[in-house]
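Laboratory data are not the source of any read-out in this text; all were calculated from the coordinates shown. Predicted model, so just to flag it, every value in this text is computed and none were measured. So basically every Cβ, Gly included, is an ideal-geometry build from the backbone, and we count neighbours across all protein chains shown.
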Amino acid sequence: MPKLVRKCIFCGANANSKEHMWPVWMHKHLESAASDASHNKEVHNFSPKSGLKISGPIGRQGDIRTVRVRAVCSTCNNGWMNRIEGEAKLFLGSVVSGKFIILTQRNLEVLAKWLTLKVMVVEHDAQDVVLTPQSDRTLFYKNLQIPNYYRFYLAENISEDYLYFVRHSHCIAYNGIEPNPPLEGTHKNVQVVTLIAGRAVFQVVCTRIENVHLEEKSFMIGFHDSCQIWPNPPSSLKFPCRPRLGKDGINQISTILQRYIDRSNPTWV
């Protein structure tokens, strides 16, 4: 049986290129990797019928900063995606290093686009966990239009972890029949992506459900009510900034989706 050829998630050409989760230019701003470094790439899926299923490699040799995802073509990767990276690295190096910087509104817009790119790519690191439909990926590819159900947050990391990534995603229907809006060929409609890079904690909350925002139902006081950088960015933002999140705080913000599901018992589809 012929091997299935992956297609670029943006333009549809053959996916002949890989995208770094933590780009190479960022590595010099991070602590050195241990010689015996390893990483996990776990995928958590839950359904009311089968319960929680965990898949993916655990303890894979190599530092997590080297992880790449084959989901794009070289034309996109070396073109418009590279331009986003180029503009982001002008200020993100200071953020990751924890150096004082005043982020402008334009910086925050670029940061939101950079995070959008990372989220859309990493959704395709495993099968059956995609949230963002092709129509929204195309709008981002052509116009750099961020989906209106993406929300972005930024805080300072004071934990011992300098690289961290966790993504929780599920599919919920509040009418008990089907998701609204329809999934459009995807598998999930709500997800929380929490990413640590050096001294920065980034979070992207995507709630693709009509008239619903997850952070209004499950949130961490002092973070979700004060650290949003997009949409409606402030005119400027000083970084490092409060709150300063340690291991417990990072765990609290990264598990808001699971805690909401545990206590509210929404309908699964």
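Close amide H partners of residue 197, meaning residues 5 or more places away or on another chain with modelled amide H under 5 Å apart, are 202. Amide H contacts for residue 7 (H built 1.01 Å from N in the peptide plane; partners 5 or more residues away or on another chain; cut-off under 5 Å): 15. Annotation for region 109-169: GluC sites (Glu not before Pro) lying in DSSP loop with at most 14 further Cβ atoms inside 10 Å of their Cβ are 160. Close amide H partners of residue 150, meaning residues 5 or more places away or on another chain with modelled amide H under 5 Å apart, do not exist here.
State whether region 186-269 is rounded, prolate or oblate according to the following rule on the C-alpha gyration tensor (a ≥ b ≥ c being the square roots of its eigenvalues): a/c under 1.5 gives rounded; otherwise a/b larger than b/c gives prolate, and the remaining case gives oblate. The shape class here is prolate. Summing Cβ point charges (Lys, Arg +1; Asp, Glu -1) relative to the Cα centre of region 111-240 gives a dipole of roughly 360 debye. Once both labels are positioned 7 Å from their Cα atoms along Cα-to-Cβ, the gap between residue 7 and residue 78 label points is 2.3 nm.
For region 167-247, the list of chymotrypsin sites (Phe, Trp or Tyr not before Pro) that fall in a loop by DSSP and count at most 13 other C-beta atoms within 10 angstrom reads 174. Per-residue Karplus couplings for region 218-233, computed as 6.51 cos²θ - 1.76 cosθ + 1.60 with θ equal to phi - 60°, are listed in order as 8, 7, 10, 4, x, 10, 5, 9, 9, 10, 6, 10, 6, x, 6, x Hz, Gly and Pro entered as x. Do any of 28/142; 28/247; 113/188 go past 29 Å between their Cα atoms, and which? Over 29 Å Cα-Cα: 28/142. The ranking of 238, 89 by Cβ neighbour count inside 10 Å, starting from the fewest, reads 238, 89.
For region 69-187, the relative contact order comes to 27 percent (Cα pairs under 8 Å, sequence separation of at least 6).
As a length-normalised measure over Cα pairs under 8 Å and 6 or more apart, the relative contact order of region 182-269 settles at 29 percent. Taken one residue at a time, the phi angles of region 196-211 give Karplus couplings (6.51, -1.76, 1.60, θ = phi - 60°) of 10, 9, x, 8, 10, 10, 10, 9, 10, 10, 10, 10, 8, 9, 4, 6 Hz. Gly and Pro are set to x. Computed from phi, the 3J(HN,Hα) profile of region 151-166 under the Karplus parametrisation 6.51, -1.76, 1.60 (θ = phi - 60°) reads 10, 10, 9, 9, 8, 8, 9, 10, 7, 7, 7, 10, 9, 7, 8, 9 Hz, with x in place of Gly and Pro.
For a straight C-alpha distance cut-off of 14 angstrom, the aspartates and glutamates reachable from residue 238 (same-chain residues fewer than eight places away being disregarded) are 156.
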